[in-house]
Amino acid sequence: MRLSPAETFARDLDWSLLRVFLALAEGGSVTAAATRLGLKQPSVSQALKRLEDRAGHRLFDRGPGGFSLTAQGLALRPEAEAVRAAILRGALAMAEAAGEVAGEVTLALASHVVSPILDEALRRFHRAHPRATLSIDVLPSREALARLARGQASLAICLISGPVAPLATELFYREFFGLFCGPGHPLFGRAGLRLADLAGHAAVSFQTDRMGDALAAVTRLRARAGLTGPVGQATHLEEVRRMIVAGLGIGPLPLHVAAEDVEAGRLWRLPPYKAPPAIDVHLVTSPRARPNRAEAAFLETLRSCLAAHPPEARIYGRGFTADRAAAPARAATTAQ
């Protein structure tokens, strides 16, 4: 019986070639794909050539900026992702048939997600299901949502800047952002500042701090303050904090996250002290997903922890006042 080209491709295809294809599509270069797969770069290049020979199509355009998918590569990518998901489901199904809550839970988190509720859910889940594994990817909110929509994350906890259908959202907590500077900044330690005193100073911030994005409220605050720049941007909170402490500029941080640094004299809270911008952090899930037992158990644990804390108890940074922000650093300045 003569096989069709599609049947011949299915017969001859090695899953490891699709793994290389996905690593290249996600990493954008041979170097990144080799690092992800633990292979040498020539092995990645050879695997791609074998896959393109068997597919009969060029799957990537090679350029100075790295690899980009051709039309044929774009068509193959969702199918390859579906094959990967099916293989993972098969392995988990066998473990679950043995009565185990096993498998991996992948959390896609925005970098400034800091909540004792999440910490408690992680502790409770691990104690109840030690065979399950957890993977946490810290990402910009848009990428966290994209990963969830593609089936590459079990759930996301992130910011939302617009409609995310068909994903489902629920409020996780609300946080307030303030502006801060580090010890080397000319405004550090100065009491009685007004918002106008910030005008002309350089800013550092998150890459999502722009109009129309998740931190648009912070963008409007920067504009009101007359800050210039930003001269530095990062996707991770720790790197934004690093730039502020190093004195590159004034930057935004969640008040509850910055409180310890303020108490220790590493950061100084700047105006506005009243009505700081509020940012809502959401739990996002995919109703269309078929969760494995570990994912279902983790989501149940997380929702149980959320239910134990009413929405008004999930507002962080509301009690962080100007007096509390100024006292530690003022004392340090006096001591010097």
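The values are calculated or read from the model by the stated rules, or taken from the named source; none is laboratory data. Because the structure is predicted, anything quoted here is derived from the model rather than measured. Cβ atoms come from the backbone with ideal geometry, glycine included; neighbour counts cover every protein chain shown.
Here are the numbers for this structure:
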{"item": "Residue among Ala214, Ala289 that is in a loop (DSSP other than H, G, I, E, B), among the aliphatic types (A, V, I, L, M) and in contact with a Cys (Cβ under 8 Å, 6 or more places away or on another chain)", "result": "Ala214"}
{"item": "Any hit, region 165-177, residues being modelled with pLDDT under 90, out of contact with any Leu (no Cβ under 7 Å at 6 or more places or on another chain) and in the same structural domain as Pro310 (by TED's automatic domain parsing)", "result": "yes"}
{"item": "Contacts under 7 angstrom Cβ, first residue in region 56-72 being closer than 16 Å to Ala33 by Cβ, partner in a loop (DSSP other than H, G, I, E, B), 6 or more apart", "result": "Leu59/Thr70; Phe60/Thr70; Asp61/Thr70; Gly66/Gly28; Gly66/Ser29; Phe67/Gly28; Phe67/Ser29; Leu69/Leu59"}
{"item": "Residue satisfying condition, being surrounded by 12 or more Cβ atoms within 10 Å (Cβ to Cβ) and over 29 Å from the mean Cα position of the chain (by Cα), within set Ala55, Ala75, Ala80, Ala85", "result": "Ala55"}
{"item": "Region 37-52, residues that are among the basic types (Lys, Arg), surrounded by fewer than 13 Cβ atoms within 10 Å (Cβ to Cβ) and assigned to a helix (DSSP H, G or I)", "result": "Lys49"}
{"item": "Test result for Thr169, closer than 24 Å to Val138 by Cα and either surrounded by 19 or more Cβ atoms within 10 Å (Cβ to Cβ) or out of contact with any Ser or Thr (no Cβ under 6 Å at 6 or more places or on another chain) (or both)", "result": "yes"}
{"item": "Residue match in region 191-204 (condition: aliphatic (A, V, I, L, M), in a loop (DSSP other than H, G, I, E, B), surrounded by 15 or more Cβ atoms within 10 Å (Cβ to Cβ) and in contact with a helix residue (DSSP H, G or I) (Cβ under 9 Å, 6 or more places away or on another chain))", "result": "no"}
{"item": "Filter result (buried (at least 20 other Cβ atoms within 10 Å of the Cβ) and touching a strand residue (DSSP E or B) at 6+ places or on another chain (Cβ under 6 Å)) within region 286-317", "result": "Ala294, Glu295, Phe298, Tyr316, Gly317"}
